[in-house]
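These notes concern the structure reproduced below.
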Amino acid sequence: MKVLIIEDEADTQQLLKSYFLSKEYEVVCAGDGLTALDLFRDESPDFVLLDVRIPHLDGWGVLENIRSQSKVPVIMLTAMDSVDDVVKGLTLGADDYLRKPFQFSELDARIQSVLRRLQHESGDEILSAGPCRIDDRAKTVTLNGAPVSLSPKEYDLLKLLVLDPGRVFSNQEIIARIWPSSHRANANDVKQYIHLLRNKIEEDPSNPSRIETVKGFGYRLVI
């Protein structure tokens, strides 16, 4: 697998390069947006790590250019804490984001999560996590073998959680993925649909054990 690292900080770029070489990836590096686009066209990478704050053309511009020609997986690297930047990246087509500083174990987990999601989208129609099973072709859900009737948004929310069990999804991530074209969806909408979903898949919705609230961070599916 070939990865394109787009990062202008020399130390960070070198650390990332060394890490991926140790994983036996092919590695191509760029320190600015314009060089990155040239390398993207010439090298056809399988994966892109993209810093937001890079010279000549920022990460948003690079992402828009990549998405105009390819669906290659892109993970944004950002030192920004603004949730608006996270939502902007996901809305423009980033597959995930990672805030600096980060641990390589977290980076690896995010990469594997994105690859699993893309593998599913390319043909794997059956998803499962613990007792929950989703047939994405038939749009059906079963829990311990029993059918569960969900609305389209409830289904999309459960599917998001099932694709990456154990990962905490923030309100902003959920909004960007479940309501990608809406400017009015907010944390209350997320809370409402989490509540509706819990009523259908929890043994005791008042004491949920499958969809856990991680206070101050978001929600995750517990297997």
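The values are calculated or read from the model by the stated rules, or taken from the named source; none is laboratory data. Model, not experiment: these values are computed from the prediction. Backbone-built Cβ (ideal geometry, glycine too); neighbour counts: all protein chains shown. To get the accessible areas, we keep the full protein, side chains included, count just its heavy atoms, and leave off ligands, DNA and RNA. Shrake-Rupley method; radii C 1.70, N 1.55, O 1.52, S 1.80 Å.
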Next item on the list: Taking H placed 1.01 Å from N in the peptide plane, check which residues at least 5 places from ILE211 or on another chain put their amide H under 5 Å from its amide H.
Entry: VAL222
Next item on the list: Provide the gained length on full extension for the span THR91 to ILE126, in nm with one decimal, where the gain is 0.36 nm per separating residue minus the Cα-Cα distance.
Entry: 10.0 nm
Item checked: Gap separating the Cα centres of the range 39-69 and the range 169-197, nearest whole Å -> 28
Item checked: Protection-proxy order for peptides 26-39, 208-221, each taking the mean of Cβ atoms within 10 Å per residue, highest first -> 26-39, 208-221
Item checked: the chain, helix-only ellipticity at 222 nm - DSSP H runs n ≥ 4, -39,500 (n - 2.57), divided by all residues, nearest 500 -> -13500 deg cm²/dmol
Notebook entry, point to check: How large is ³J(HN,Hα), in whole Hz, for each residue of the range 97-107 in order, when computed from phi with the Karplus curve 6.51 cos²θ - 1.76 cosθ + 1.60 and θ = phi - 60°, using x for Gly and Pro?
Noted result: 9, 9, 7, 7, x, 9, 8, 5, 5, 5, 4
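Hey, any idea what % of the range 4-82's accessible area is carbon plus sulfur with a 1.4 Å probe?
C and S atoms contribute 44 percent here.
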Next item on the list: Round to the nearest 0.05 the FRET efficiency obtained for LEU118 and LYS191 when R0 = 25 Å and r is the Cβ-Cβ distance.
Entry: 0.30
Notebook entry, point to check: In whole Hz, what ³J(HN,Hα) sequence does the range 128-139 give by Karplus (6.51, -1.76, 1.60; θ = phi - 60°), x for Gly and Pro?
Noted result: 8, 8, x, x, 9, 10, 10, 9, 6, 5, 8, 6
Notebook entry, point to check: Hey, which aspartates and glutamates would be in cross-link range of LYS23, C-alpha to C-alpha under 13 Å, not counting anything within fewer than 8 residues on its own chain?
Noted result: ASP108
Checklist line | Where the chain is the region considered: accessible area per residue in Å², 1.4 Å probe | finding: 52
Item checked: Rounded FRET efficiency, nearest 0.05, which uses the C-beta distance separating LYS153 from SER70 and R0 of 35 Å -> 0.75
Check: Roughly speaking, to the nearest percent, how much of the range 125-205's 1.4 Å accessible area is carbon and sulfur?
Finding: 47
Check: Of (i) 27; (ii) 31; (iii) 34, which is the value of percent of Cα pairs over 28 Å apart derived from the coordinates here?
Finding: (iii)
Item checked: Separation of the MET1 and VAL168 label points, Cα + 7 Å toward Cβ, nm -> 2.5
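Considering only DSSP states other than H, G, I, E and B, which GluC sites (Glu not before Pro) in the range 101-190 qualify as loop sites with at most 11 other Cβ atoms within 10 Å?
GLU125
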